[in-house]
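Below you'll find the structure, written out as structure tokens, and then a few comments.
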Amino acid sequence: MPLTTHPQTVDDNYVLVASLDNVRNLSNILKAITFKDHAIFNATPNGLKVTVEDSKCLQANAFIQAEIFQEFTIKEDSVGFQVNLTVLLDCLTIFGGSTVTGGITALRMCYNGYGYPLILFLEEGGVVTVCKINTQEPEEPIDFEFCSTNVTNKVILQSESLKEAFSELDMTSEVLQITMSPSQPYFRLSTFGNSGNAHYDYPKDSDMMELFQCSKTQTNRYKMSLLKPSTKALALSCKVSVRTDMRGFLSLQYLVMNDDGQICFVEYYCCPDEEVEDG
């Protein structure tokens, strides 16, 4: 393929080179975190982490492991930059980005370091398009200080069951209330919308529940407007891990399988809207 046979001497200038035979393996996962214009890219030898944030209340991270790329070369321990995510996705899908037409677009992504643009070489059917996107110095992502040692409750669900819940809950509700408990109702989603209150319960021994680890009863509310972007990741995923920590912060980790059957992760962090007193 033309994009994987570029002369090595050309690549020597770049601090980061990443190639994919199928651009959808990157574009699809980026769509799952597209709710603001700008994204922070951080590349390490392990792969690519892309972060999008909203007003210090919501953070989404997409992790694309180095193994997913056909080539992933990085010359520094860490390479970071910020780009307009909307523009990047427009470029990545310049050939349509659909498998329906039968065409598969190959990507070669190159970055030369601070102050240089992100260069994309996209090839489909022998036609190569080159896009250059201006980069900015990356802002420091917010540290939500969400660590596994402070996790009080965790469940892992089949994504289908969560999609079903979201289709039945009243999305006119301003908040989604999540109750997690070692005793009944175990795991409950509640909304308070125009058509009244609605609850969706999951028994802990449900076929849809892969893991149930709840050490204390917690009820927290999260702004629906902050959670709505995560439904893009839910739509792509096959499993989702729902975790809360002692402060009531929420982590939604989605396991996404790409067109080639490889696994990527998308994680959303959301701060609670208000604490609900038990009892």
### Query
When you scan segment 174-187, how many residues do you find that are touching a residue at least 24 places away in the same chain (Cβ under 8 Å) and either touching an Asp or Glu at 6+ places or on another chain (Cβ under 6 Å) or surrounded by fewer than 16 Cβ atoms within 10 Å (Cβ to Cβ) (or both)?
4
### Query
Taking only pairs six or more apart or across chains, which ones have beta-carbon atoms under 8 Å, a first residue in segment 235-262 that is closer than 24 Å to Gln213 by Cα, and a second residue that is open to solvent by 40 Å² or more (accessible area, probe 1.4 Å) and not in a strand (DSSP E or B)?
Asp245/Cys147; Asp245/Asn150; Met246/Asn150; Arg247/Asn150; Tyr254/Leu236; Val256/Leu236
## Note on the structure
For segment 122-161 the number of residues that are closer than 30 Å to Val242 by Cα and polar (S, T, N, Q) is 8
### Summary
Taking segment 179-204 and keeping residues in contact with a strand residue (DSSP E or B) (Cβ under 7 Å, 6 or more places away or on another chain) and either under 14 Å from Lys216 (Cβ atoms) or of a type in the set (Asp, Glu) (or both) leaves Thr179, Met180, Ser181, Pro182, Tyr186, Phe187, Asp201
### Query
Is segment 46-61 home to any residue that is open to solvent by 50 Å² or more (accessible area, probe 1.4 Å) and at pLDDT below 95?
yes
### Task
For Thr191, indicate whether it is within 22 Å of the chain's Cα centre (by Cα), modelled with pLDDT under 95 and β-branched (Val, Ile, Thr).
no
### Message
Tally up the residues in segment 137-173 that are exposed (fewer than 15 other Cβ atoms within 10 Å of the Cβ) and more than 23 Å from the chain's Cα centre (by Cα), please.
### Response
2
### Filtered residues of segment 82-122 (kept if part of a strand (DSSP E or B), open to solvent by less than 20 Å² (accessible area, probe 1.4 Å) and within 15 Å of Ala18 (Cα to Cα))
Ala106, Leu107, Arg108, Met109, Cys110, Tyr111, Leu118, Leu120, Leu122
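The values are calculated or read from the model by the stated rules, or taken from the named source; none is laboratory data. Just so you know, these numbers come straight off a predicted model, no measurement behind them. Because the Cβ atoms are built from the backbone with ideal geometry, glycine has one as well, and the counts that use them run over all protein chains shown. What goes into the accessible areas is simple: the full protein's heavy atoms, side chains included, and nothing from ligands, DNA or RNA. Shrake-Rupley method; radii C 1.70, N 1.55, O 1.52, S 1.80 Å.
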